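The values are calculated or read from the model by the stated rules, or taken from the named source; none is laboratory data. Computed from a prediction, not measured in an experiment: that's the story for all the values here. As a convention, Cβ positions derive from the backbone with ideal geometry for all residues, glycine included, and neighbour counts pool all protein chains shown. These accessible areas exclude ligands, DNA and RNA; they are computed on the full protein's heavy atoms, side chains included. Shrake-Rupley method; radii C 1.70, N 1.55, O 1.52, S 1.80 Å.
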Amino acid sequence: MCGIFAYTGDKKAQPILLEGLQSLEYRGYDSAGIFMPGSPLVKTPGAVTELRKRVHFTSDAKSGIAHLRWATHGEPTEVNAHPHADCTGDVYVAHNGIIENFRELKAELEKRNHTFKSQTDTEILAHLIEEGVVAGKSFEDAVIDTLQQVRGTYGLLISYAKEPGTVITARMGSPVVLGLGDGENFIASDATPILRHTKEVVFLNDGDIAIITPTSHRVRTLTNSEIDRPAEHVDWDTEEASKGGYPHFMLKEIHEAPEVLENAIRGRLIAKEGRAKLGGIESVADTLADLDRLIITACGTAYYAGLLGEYLIEDLGGIPVEVELASEFRYRKPIIRKGTAVLAVTQSGETLDTLEAIREGKRRGALTLGVVNTVGSTIARETDAGVYNHAGPEIGVASTKAFVSQVAVLSLVALFLGRSRGLSEDEGRKIVQGLQELPELARKVLKLSETIRKIALKYKDARDFLFIGRRYSYPVALEGALKLKEISYVHAEGYGAGEMKHGPLAMIDTKFPTVAIVPQDSVYEKTLSNMIEIQARKGPLIAIATEGDERVKEVANDVIYIPKTIEQLSPVLSGIAVQLFAYHFAAEKGLNVDRPRNLAKSVTVE
Ligand code: GLU
């Protein structure tokens, strides 16, 4: 998810670590910290500029660990910044990811008299390692024992003051790369900060643990004391490295969908009972139980995720839902009575219109909720309760992985609300199972990237596109059109497929292609009929359909086959397909898809 960097060698570590951290900063972080054995621990909110200001010493240390935090547990404050220390002040841990079972472990550690300084999930790792070394275990064994107890994701850096030349790292879910130099070794979350020092890198796999000293590196797993991970020579420049080898951040972020889905559901499903466990809204569970109306408010892509939220929450939760553009809601006179809640959906948590909509809701006495990606952001702080996405920072201006995550989180909210209302255990279990299968199915959609590129290429000269869908595929049609507009500057419109005959059908001719989202769901036949109407007017058709659907081939000129899932979750898979379509269409034109003209990432103006 975020940024780690470590050094051990024959040079002074301080400038190398600060510079390394700086080159990871492109991803956008909220706090930073550095530890070098023999020097004081320094941490700060903000990023590397702030950190540099606070490092008031010149350390002679030849090793150290550094971290850029993108908060998931606890606000982005100085105490919550990494590295985190144990009680003895000898063990220091920097971590990217989420430790799922930290609450249980923390409670046990507290019983054994450990004191905690931060609200993070990470700090338990330092204390668990402390217990090992205090009991006489080696540094390495203490780390292994600790990792055997934790569940979750991590890219870890661990420094032990009593063995200053050694740094241990471990990977589970969050990327870790080793850089092998001459008399010096490096660890980072991607190759960017390493490349200026060496081009020999080792990409760790999930479950790997690596122990580096200035002149050695060893990779092992929890059970094997040594495994072979050959070094690779990389010729990437810094920019390529920061994009993980992808040509654009947008494509990289689309490919993060499976991981983002795993992060959204991690620790939040009780499979046996067909329920969702959402710590962030449990505090208002009583008010939610009496809820009789929900207003979802958002902008842009998040608004379309909100529309899906409406379908999901009405479907599973039986609560009337309205979705309002935040920029409209704040200037209308919305009617809010007792029992109404306003829920904001926002990636940055700073979108001004959404923030003002939430404030308006609050002024009118509504319970306010958030589905927010950025921990500690203004909307996260100002809402009464909410659920974090844990999707990691998004750099591409056009939102992709955040949308996928928002839909997944809204389905959790729907499940949460549904199970406390009429949704049966059996129905709940189907949703749980669907969510659990989703990351794997998303991987299958990503494998279609090249097929989708070829299809997009066939339509490269089109100046107009329609995107159509019904029911759960309707918001995806709207989102598909928006994605194409924002990054390719081509005119695109999203419509409910049933609306075609009420107007848009008039535009159709041989030069006006339609992307139809037509999974085999409860409205399949209806959408297919709408497609046949387009076919009759000689409009080219690209279908996003369910694997194995032969009928659709007779109607569409091109078909993108996505795997089958339950109807409520199909927008996640078709959503990834429309993202890939828009991406390839724009990338083939040589456009700057990460920074489309006239647009900005976090819209803090009206
Ligand atoms: N879960 C950790 C925290 O909130 C690490 C976040 C990160 O990946 O930066 O502090």
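Where both bridge residues fall in the stretch 251-442, DSSP classifies roughly 10% of the beta bridges as antiparallel.
Reducing the stretch 511-543 and the stretch 192-214 to their Cα centroids gives an inter-centroid distance of 49 Å.
Per residue, the convex hull around the alpha carbon atoms of the stretch 328-424 comes to 108 Å³.
Extents of the stretch 3-241, largest first, come to 50, 42, 30 Å (Cα atoms, principal axes, whole angstrom). Modelled label positions at Thr49 and Leu325, each set 7 Å beyond Cα in the direction of Cβ, lie 3.4 nm from each other.
The length gained by stretching the chain between Thr510 and Glu440 to full extension, at 0.36 nm per residue less their Cα-Cα distance, is 21.5 nm. Ranked by the mean number of other Cβ atoms within 10 Å of their residues, highest first, the peptides 314-324, 335-345 come out as 335-345, 314-324. Here the stretch 274-388 is treated as a sphere whose radius is the Kirkwood value from Cα pairs; by Stokes-Einstein at 37 °C and 0.692 mPa s it diffuses with a coefficient of 239 µm²/s. Loop-resident trypsin sites (Lys or Arg not before Pro) (DSSP state other than H, G, I, E or B) in the stretch 188-292 with no more than 10 further Cβ atoms inside 10 Å of their Cβ: Lys272. Summarising the amide proton neighbourhood of Val323: residues at separation of 5 or more, or on other chains, whose placed amide H is nearer than 5 Å comprise Ile296.
The equivalent ellipsoid of the stretch 58-141 has semi-axes of 20, 19, 11 Å, largest first, where each one is the square root of 5 times an eigenvalue of the Cα gyration tensor. As a calculated quantity, the FRET efficiency between Glu427 and Glu232 at R0 = 35 Å, using C-beta atoms, amounts to about 0.15. Using alpha carbons only, the radius of gyration of the stretch 448-588 set against its Kirkwood radius gives Rg/Rh = 0.92.
Give me the percent of accessible area attributable to carbon and sulfur for the stretch 448-588, probe 1.4 angstrom. That fraction is 50 percent.
With a Förster radius of 25 Å applied to the beta-carbon distance between Thr451 and Asn598, the computed FRET efficiency rounds to 0.20.
Among beta bridges from DSSP that stay inside the chain, the antiparallel ones total about 55%. Treating the angle as unsigned and between 0 and 90°, give the value, to the nearest 10°, between the Cα long axis of helix 570-588 and the longest Cα principal axis of the chain. Roughly 80 degrees, rounded to the nearest 10. Using only alpha carbons, the chain has a radius of gyration to Kirkwood radius ratio (Rg to Rh) of 0.99. Can you compute the FRET efficiency between Asp292 and Thr215 using 1/(1 + (r/R0)^6), with r the Cβ-Cβ distance and R0 = 51 Å? Round to the nearest 0.05. That pair, Asp292 with Thr215, gives E of 0.15. Taking each of Lys12/Lys401; Lys243/Lys444; Lys277/Lys485; Lys485/Lys511 in turn, the alpha-carbon distance tops 28 angstrom for Lys12/Lys401; Lys277/Lys485. Roughly speaking, what is the centre-to-centre gap between the stretch 376-441 and the stretch 317-336 when only Cα atoms are used, to the nearest Å? So the separation of the two Cα centres works out to 20 Å. In this simple spin-label approximation, Lys137 and Glu314 carry label points 7 Å from Cα along the Cα→Cβ vector, and these lie 5.4 nm apart. By the helix-only formula, in which each DSSP H run with n ≥ 4 contributes -39500 (n - 2.57) and the sum is divided by residues, the chain has a 222 nm mean residue ellipticity of -10500 deg cm²/dmol.
Modelled spin-label separation between Lys111 and Glu239, with each label point placed 7 Å from Cα along the Cα-to-Cβ direction: 5.6 nm. Let me make sure I get this right: for the stretch 251-442, a, b and c are the square roots of the gyration tensor eigenvalues over alpha carbons, sorted descending. Under 1.5 in a/c it's rounded, otherwise prolate if a/b > b/c, else oblate. Which is it? Verdict is oblate for the stretch 251-442. Our analysis of the stretch 133-177 gives Rg over Rh at 0.98, with the two radii drawn from alpha carbon positions and Rh computed by the Kirkwood formula. The stretch 1-82 has equivalent-ellipsoid semi-axes of 20, 13, 10 Å, by the square roots of 5 times the alpha carbon gyration tensor eigenvalues, sorted largest first. In order along the stretch 359-364, the phi-based Karplus estimate (6.51 cos²θ - 1.76 cosθ + 1.60, θ = phi - 60°) of 3J(HN,Hα) comes to 5, 4, x, 5, 4, 8 Hz; Gly and Pro are listed as x.
Take the chain with all the other protein chains still there, run a 1.4 Å probe, and you get 38 Å² of accessible area per residue.
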